[in-house]
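Presented below is the structure to which this report refers.
None of the figures in this text is laboratory data; all of them are computed from the coordinates on show. Note that the structure is predicted; figures quoted are calculated from it, not measured. All Cβ positions, glycine included, derive from the backbone under ideal geometry; neighbour counts span all protein chains shown.
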Amino acid sequence: MLDLCVTIKGVSFLLQTGLGILGNTLVLLAYTRVVWSERHLQPVDMILCHLAFVDLMLLLTRCVPQTMTVFGLRDLLNDPGCKVVIYSYRIFRALSVCLTSMLSVFQAVTIAPTGGPHLSRLKVWLPGLIRPTFAGLWLLNMAVCIAAPFFSVAPRNGTVPAFTLNLGFCHVDFRDSLSYKVNGVAVSTRDFAFVGLMLWSSSYILLLLHRHSRQVRSIRRSSQSGGAETRAAKIVVILVVLYAVFFGIDNVIWIYMLTVPMVSPVVTDMRVFFSSCYASLSPFFIISSNKKVKNKLLCATAVHEQPSVNTQDSCDKI
């Protein structure tokens, strides 16, 4: 029975990691082709591209070593390696929620009806704020996660001390109850703040889409840009709902972990799996919902199967 449980767990992590890496890599390749043909990305595409990169790195720094550990590989990392991997994972995990929230807020402002000069100016300035916001989020999360390397060590032989997260390939040793709970509260507060922001902005998007479908159907049919904005808004709402579901499961487990001094490796594995589901599934929602990404991938397949000049030219015009 134990071997069967280990096999199921290993296969689950392997599928999750493999599919997630494949999906995020395809999204990045599609946007590489967009940049090659159009020389620039639209603001929403910039956020989605950045999100795919962050989720890819999240899977590489967390799920890959976790999968290797499940299948019996030991001594993967030394102390410096654990510090780098855990610190990187914490940053990428935080950026994933921040970018999803940023995407939701950006789309809410974009489709909001212009009701005054302040909103009008904000809509004009918004595309220029994308890159500074990226830089600000990176700096913020690098600062918030700075304590992670100090608690991260390679696994030690013997009994795992209390208030230690046993990740298999690394241990996160908080040494005492106070640092353990302060870290948990700090991380949860940041995550809940950004999730609350994305849920608020997504609710506003849904309200606008509902009004739009009831009151201005003729405008929607005659306006191509409006249709594109509506599709983009629906993608954002889907991603937010997806994140909120797995975030809820993740934090239920995390709150339980904060209430006990010794966390079972099984509980840690469950949290890793559910917290990584968003990074694994979100690229496939992007591919299926985003026409630009889908068309670029289809064109890449067509060019590979029929490498003619006409095929390449028609793909570059998409």
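Looking at the square roots a ≥ b ≥ c of the eigenvalues of the Cα gyration tensor of the range 60-158, which shape do they give, rounded for a/c under 1.5, prolate if a/b is larger than b/c, or oblate? Cα axes put the range 60-158 in the prolate bin. Once C-alpha pairs closer than 8 Å and six or more residues apart are averaged by separation and normalised to the residue number of the chain, the relative contact order reads 25 percent.
Among 179-188, 289-298, the peptide with the highest mean count of other Cβ atoms within 10 Å heads the list, and the full ranking is 289-298, 179-188. Have a look at ILE286, ILE146, ILE91 and tell me which one the Gaussian network model of the chain (Cα, springs below 10 Å) gives the largest fluctuation. Residue with maximal mean-square fluctuation among ILE286, ILE146, ILE91: ILE146.
With the cut-off at 1.5 for a/c, could you classify the range 62-102 from its C-alpha gyration tensor as rounded, prolate or oblate?
Oblate shape, in that a/c is at least 1.5 and b/c is the bigger or equal ratio.
In the range 23-148, taking the dipole from charged Cβ atoms about the Cα centre, the farthest positive-side position among THR133, TRP36, THR69 is held by THR133. Lysine pairs in the range 2-316 whose alpha-carbon atoms fall under 26 angstrom of each other, counting only those eight or more residues apart or on distinct chains, come to 9. This model, with +1 at the C-beta of Lys and Arg and -1 at the C-beta of Asp and Glu, gives the chain a dipole about its Cα centre of some 1100 debye. Helices that extend 27 Å or more along their long axis by alpha-carbon positions and average at least -0.5 on the Kyte-Doolittle scale are, among the DSSP H runs of the chain, 2-38, 79-111, 177-215, 224-258, 265-289.
Computed per residue of the chain from DSSP H runs no shorter than four, each worth -39500 (n - 2.57), the mean residue ellipticity at 222 nm is -27000 deg cm²/dmol.
Calculated from the structure, P(r) over Cα pairs in 20 Å bins from 0, in percent equals which of [x] 29, 53, 18, 1; [y] 25, 36, 29, 9, 0; [z] 26, 49, 20, 5, 1, 0? Correct label, based on the coordinates given: [x]. For the chain, the residue among ILE8, ASN183, SER96 whose Cα projects farthest onto the positive side of the dipole built from Cβ charges is SER96.
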